[in-house]
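Below is one structure, written out as structure tokens; the observations come after it.
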Amino acid sequence: MRTLRFLLRKEFRQIFRDKAIVALIFFMPVIQFIIMPMAADYEVRNVNLSVVDNDKSTYSQKLISKVIASGYFKLQGYNSSFKEAFQLIESDEADLILEIPHGFERNLIREDKQKLFVAVNAINGTKANLGGAYLSTIIGNFNADIRMQLIQQPKFSQFPVIEVVASNWFNPVLNYKVFIVPGILAILVTMIGGFLTALNIVKEKEVGTIEQINVTPIKKHIFILGKLIPFWILAMIVFTIGLILARLIYGIIPIGSLLVLYVFIAIYLLTVLGFGLLVSTFCDTQQQAMFIMFFFMMLFILLGGLFTSIDSMPYWAKLITRFNPVRYMIEVMRMVILKGSGFQDVLPQMAIVSLMAVILNGWAILNYKKTN
């Protein structure tokens, strides 16, 4: 323990001696945590719409007003022909074209039907799908309003009516930030812990101080613990700062127990830090360690379920996510913060992450080459 205490003192002095690392550990995650949830938003707004109104009737004007008043669309052009409107799509000034044909109002009143033409710029697939779905819903609601005006409703309905009332659990107002903030906090803690530990032993190799440590009687596991514990403590502090900012800025208060969160994050950080130390034992330069960690971090983030649902991934990708620690971290964050899950609920994820921590840290200890 005395040897470990001296190693920890040396590591903390070395960390706080480098002002850039201190800024990296505390300042950068805070800025990212404030900006990313506001920028990473799946809700599509300001869809550029071009309208071709060949009818110029009262009903066509009501439909256009209803579409613009929804708040999802911005009228980019009011064109006289489809050819003019299509030029706006070709120049990326418009995302959708709504063409209203001649006789729109007359056919609705006399024949009870009329077709509209919608053209969607599908270069941006997400924006195209959501924008087209928004427009279809608005047109459907407009059609229902017209039917209510034209059809004389009997005093009592002759047909049974089923009314569906939706109730959203865990995120009642469907606030996207409530869903994305816990995941982003998990990613930031992972990046801080993983990158810093990956560069730690490699930096000792480049400076040459690793040779002095190698000739000492320090055990390999004591040396790895001395490298791991400081960043484990600092990552826990960053995690705490993230929870405070989530409450102050986004109003997110964990429904579940903070004890469950901290127990899991403590085990999870052992996994991430162990992986970083393992990478560090394989590399000879900090540049090598940075590239390897960047490669794995990209996989961890993209296959972690933060931006895309794991359930919608192909089968082979789902298999890969089982070996991704970030996946379990994001799952537990959302389960505890949004659903109020307890120890029994997160026990499967905790067991998997604990096994990963044992394997990765044991591998790092075995792979560290120490010569007496």
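Details
- Pick from the range 54-76, criterion touching a Phe, Trp or Tyr at 6+ places or on another chain (Cβ under 7 Å) and over 14 Å from LEU130 (Cβ atoms), ranking: surrounded by the most Cβ atoms within 10 Å (Cβ to Cβ): LEU63
- Close pairs (6 angstrom Cβ cut-off, 6 or more residues apart or separate chains): more than 20 Å from PHE27 (Cβ to Cβ) in the range 242-253, acidic (Asp, Glu) anywhere: none
- Some residue of the range 29-42 being of a type in the set (A, V, I, L, M), open to solvent by less than 70 Å² (accessible area, probe 1.4 Å) and within 20 Å of ASN129 (Cα to Cα): yes
- Test: residue in the range 139-149 that is surrounded by 10 or more Cβ atoms within 10 Å (Cβ to Cβ), outside any helix (DSSP H, G or I) and either at pLDDT 80 or above or of a type in the set (Ser, Thr, Tyr) (or both): no
- Of residues in the range 1-19 being among the hydrophobic types (A, V, I, L, M, F, W, C) and at pLDDT 75 or above, the one farthest from LYS227 (Cα to Cα): PHE16
- Of all residue pairs spaced 6 or more apart or on separate chains, those with beta-carbon atoms under 8 Å, a first member in the range 89-110 that is closer than 17 Å to GLY77 by Cα and open to solvent by 20 Å² or more (accessible area, probe 1.4 Å) and a second member that is outside any loop (DSSP other than H, G, I, E, B) and charged (D, E, K, R) are ASP95/LYS127.
- Hey, LEU355 under 18 Å from the mean Cα position of the chain (by Cα) and more than 29 Å from ASN168 (Cα to Cα) or not: no
- Residues of the range 112-152 that turn out to be closer than 18 Å to ALA85 by Cα and either touching a residue at least 40 places away in the same chain (Cβ under 8 Å) or touching a strand residue (DSSP E or B) at 6+ places or on another chain (Cβ under 8 Å) (or both), as a count: 10
- Answer residue from the range 163-190, given it is over 22 Å from PHE275 (Cα atoms) and among the polar types (S, T, N, Q) and is least open to solvent (accessible area, probe 1.4 Å) among those: ASN171
- Note on the range 43-69: residues that are at pLDDT 85 or above and within 34 Å of the chain's Cα centre (by Cα) total 8.
- Candidates SER280, SER312: the one that is small (Gly, Ala, Ser) and surrounded by fewer than 16 Cβ atoms within 10 Å (Cβ to Cβ) is SER312.
- Hits in the range 259-277 - residues which are in contact with a Leu (Cβ under 8 Å, 6 or more places away or on another chain) and open to solvent by 10 Å² or more (accessible area, probe 1.4 Å): LEU270, PHE275
- Meets criteria (over 15 Å from ILE139 (Cβ atoms) and open to solvent by less than 30 Å² (accessible area, probe 1.4 Å)) for ASN48: yes
One line per residue, one yes/no per condition, for (1) more than 29 Å from GLU211 (Cα to Cα); (2) modelled with pLDDT under 90; (3) not hydroxyl-bearing (Ser, Thr, Tyr):
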residue	(1), (2), (3)
THR271	no, no, no
LEU306	yes, yes, yes
PRO314	yes, no, yes
VAL326	yes, no, yes
GLN344	yes, no, yes
ALA351	yes, no, yes
ILE359	no, no, yes
LYS369	no, yes, yes
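- Of residues in the range 170-215 being over 17 Å from the mean Cα position of the chain (by Cα), touching a residue at least 40 places away in the same chain (Cβ under 8 Å) and not in a helix (DSSP H, G or I), the one farthest from ALA23 (Cα to Cα): PHE170
The values are calculated or read from the model by the stated rules, or taken from the named source; none is laboratory data. The structure presented is a predicted model; accordingly, all values stated were derived computationally and were not measured. As a convention, Cβ positions derive from the backbone with ideal geometry for all residues, glycine included, and neighbour counts pool all protein chains shown. For accessibility, only protein heavy atoms count, side chains too; no ligands or nucleic acids. Shrake-Rupley method; radii C 1.70, N 1.55, O 1.52, S 1.80 Å.
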